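Okay, so here's the structure we're looking at.
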Amino acid sequence: MNPETKKNTTSNEALFTIDLLKGQGIPPKSGPAGIAIAAVATIAPVILVIMIFGFRSHDNVMTSIQKQEVITLEEKINRLSIAVENQRALELEKVHYGICISEVKGLIDDYTQWSPVLTELIKNMPGSVILSELKVEQDSVEKEVPKPDDPEKKIKINVPVNKLVLSVSNQGRGNCDEEIRKFRDKLLSSELLRPMLAKIDVSHRTEDNDGTDMVFYEISCLFKPEI
């Protein structure tokens, strides 16, 4: 054998590869597809972690906002509760004042205002007599009024009437009958008293006062019934 031929044979034999693991231990050669797969396998968990962190941060922000809204609503509820309590107190106060007004109105309706009447009496009283007594008597009279549920029919009710009684004396100056008569006529024609008076009765009596005859006049002013 030619020595040169032997040398070439030896070189060709060195090119063979001995694979004792039968192809299972040699990693595959990395190409573009392999690199892409490896990159996706590495990036996917990172993206998942970022997404979870983002969701969690969003939930924390929303929770904080909702807590603040709850606090705000609770404050509004407290303010409204105070307003409701104040309203209830005002309603009770309103009822109380309503009762007071009703009572005062009832008193006004039941009682006659005597100040203007007394002023008119004093203004027209003769100068020759003095007032010795003044009193108010209250009585009732029976009067027919329309029936509330049937105005065509009449019913009888007791209506209160007031009588103002004046006692005056002549101070021992003789007979004052004429002046008392004029006094009576003035009261009946008075613009204030005429609509209010039903009638005026006058009576007199004589009494001895240390040897002096004094005449006492009783003037009864009967007012019209109050319906």
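The values are calculated or read from the model by the stated rules, or taken from the named source; none is laboratory data. Nothing here was measured: the structure is a model prediction, and the numbers come from that model. Cβ placement follows ideal geometry from the backbone for every residue including glycine, while neighbour counts extend to all protein chains displayed.
Say whether the condition of being touching a Phe, Trp or Tyr at 6+ places or on another chain (Cβ under 6 Å), surrounded by 11 or more Cβ atoms within 10 Å (Cβ to Cβ) and part of a loop (DSSP other than H, G, I, E, B) is met by at least one residue in region 154-167. The answer is no, given that none of the residues of region 154-167 is touching a Phe, Trp or Tyr at 6+ places or on another chain (Cβ under 6 Å), surrounded by 11 or more Cβ atoms within 10 Å (Cβ to Cβ) and part of a loop (DSSP other than H, G, I, E, B). When each of Leu192, Leu222 is tested for being within 56 Å of the chain's Cα centre (by Cα), at pLDDT 90 or above and closer than 21 Å to Val141 by Cβ, the lone residue that passes is Leu222. In this structure, is Arg181 at pLDDT below 80 and either in a helix (DSSP H, G or I) or not hydroxyl-bearing (Ser, Thr, Tyr) (or both)? Judged against the criteria, Arg181 is not a match. Listed by first and then second residue, the pairs with beta-carbon distance under 6 Å, at least 6 apart or on different chains, first residue in region 184-199 and in contact (Cβ under 8 Å) with a residue 60 or more places away in the chain, second part of a strand (DSSP E or B) and hydroxyl-bearing (Ser, Thr, Tyr), form an empty list. Somewhere in region 28-39, is a residue small (Gly, Ala, Ser), surrounded by 10 or more Cβ atoms within 10 Å (Cβ to Cβ) and modelled with pLDDT of 80 or more? Within region 28-39 (the criterion being small (Gly, Ala, Ser), surrounded by 10 or more Cβ atoms within 10 Å (Cβ to Cβ) and modelled with pLDDT of 80 or more), the answer is no, since none of the residues qualifies.
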